[in-house]
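Only the coordinates and a few stated rules stand behind these numbers; no lab work does. This is a predicted model, so every value here is computed, not measured. Cβ placement follows ideal geometry from the backbone for every residue including glycine, while neighbour counts extend to all protein chains displayed.
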Amino acid sequence: MAEFVLGTNSHPTADEVFSQVLPSCPTLSRATVYNTLNLMVERGILKAQRIQDELVRFDAMTQAHHHFVDESTGQIYDIPWDVLQLQGHEELKDFEVTEYQVVLRGRLKP
Ligand SMILES: [Zn+2]
């Protein structure tokens, strides 16, 4: 299971991980998948992300990065952190921003 989730960049949900791994491990329970994924997040091996909808998705890329969602296919792409810069710090001057993430949406040009 760890092999699958660390080897994919598809940002799977826990249910998607479960259905991918089940055929090769028929005794696997949904609870084990959930617990293992959460443990991997706690240990910093995976990052839990809410990129679109309310579902938590598991991301093997733990360094800061942004996402692009292809609205035609639902596929989620990783976008390098350096590509986008945060502007307009005025409203945030009393805060220390420790994390931000931009989710871009669009579709393939015709
Ligand atoms: Zn990602």
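Worth a mention:
- Under 5 Å from the amide H of residue 51 lie the amide H atoms of 57, each residue being 5 or more positions distant or on a separate chain, with H modelled from the backbone and absent for Pro and chain starts.
- Nearest-ten-degree value, helix 30-42 long axis tilted from longest Cα axis of the chain: 40
- Computed on the chain, with alpha-carbon pairs under 8 angstrom and 6+ residues apart, the relative contact order is 25 percent.
- Of 30, 107, 57, the sequence from fewest to most neighbouring Cβ atoms within 10 angstrom is 107, 30, 57.
- Relative to the Cα centre, the charge distribution of the chain, modelled as +1 at Lys and Arg Cβ and -1 at Asp and Glu Cβ, gives a dipole magnitude of about 340 debye.
- Under-5 Å amide H pairs with residue 104, H placed in peptide plane, nonlocal only: 67, 68, 69
- If you take the Cα centroid of region 30-61 and the Cα centroid of region 80-110, the two points sit 22 Å apart.
- Inter-probe distance in nm under a simple model that places probes 7 Å from Cα toward Cβ, at residue 104 and residue 89: 2.4
- Each helix, a run of at least 4 DSSP H residues, gives -39500 (n - 2.57); summed and divided by the residues of the chain, these come to -7000 deg cm²/dmol at 222 nm.
- Region 2-59, relative contact order [Cα under 8 Å, separation at least 6], %: 42
- In region 65-106, Cα pairs under 8 Å separated by at least six residues give a relative contact order of 55 percent.
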